[in-house]
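Notes to accompany the following structure.
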Amino acid sequence: MLTPQLSDLSTAVSVLSAMITPAILILASGSILNTTSTRLIRAHDRLRHLSDQIQTLVTSGLDDEFTRERRELLFVLLQTVTRRARILQRAMTQLYLAIGVFVLTSIVIGFLALTRYNVAWISLIFGFIGAMLLLSASVFLIWESRLAVASTRVETEFVFRWGSKHLRGPAKK
């Protein structure tokens, strides 16, 4: 038998509606988490690629100006992609926590509706915590994307600088 609070259909529907709201936030967090996971995989792939390039340059035995500058660039890019991977991992942690808190919010809403406890503010607190975690993850993702763009800019500037030297050819005497 239903408790008195859930005896009529409109009350049950409003409780279910309240429980669905966190589910939408769970879906949004999961979608962002999926994208972040892909970004982290790409950062790891980039890290491995840079490591291979550094190893090739170091073992080549070459020590001309281009090789030295390229090696320097690769170490800078390696540091940047390592920072990006750490930031993405933090964002993923925040997103997992947000999903957990949104699930908890939905459970609390249902629990409070089934019991006679009049402490609905608890579900609001969990909802706010989940939203703050989602916001925090978003800030981490913005930070990481700015690092990715900066890294691309540094690498592009290197290519343009050396490409323009090559196009001009050797200096004439």
query = Taking the stretch 89-106 on its own, how many of its residues are surrounded by fewer than 19 Cβ atoms within 10 Å (Cβ to Cβ) and of a type in the set (S, T, N, Q)?
reply = 2
request  = Return the only residue of Glu144, Glu157 being out of contact with any helix residue (DSSP H, G or I) (no Cβ under 9 Å at 6 or more places or on another chain) and among the acidic types (Asp, Glu).
outcome  = Glu157
Filter result for Ala18 (farther than 25 Å from Ser136 by Cα, part of a helix (DSSP H, G or I) and more than 11 Å from the chain's Cα centre (by Cα)) = no
query = Of all the residues that make up the stretch 63-122, how many are touching a residue at least 60 places away in the same chain (Cβ under 8 Å), among the hydroxyl-bearing types (Ser, Thr, Tyr) and within 15 Å of Ala43 (Cβ to Cβ)?
reply = 1
request  = Kindly indicate whether any position in the stretch 82-98 is within 24 Å of Ser17 (Cβ to Cβ) and not polar (S, T, N, Q).
outcome  = yes
inquiry  = Of the residues Val76, Val154, Val81, Val149, only one is hydrophobic (A, V, I, L, M, F, W, C) and either surrounded by 17 or more Cβ atoms within 10 Å (Cβ to Cβ) or not in a helix (DSSP H, G or I) (or both); which?
reply    = Val81
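FYI, it's all coordinate maths here, none of it is from the lab. On a predicted model such as this, the values are computed, not experimentally measured, just so you know. Using ideal geometry, Cβ is built from the backbone for each residue, glycine included, and neighbour counts are taken over all protein chains shown.
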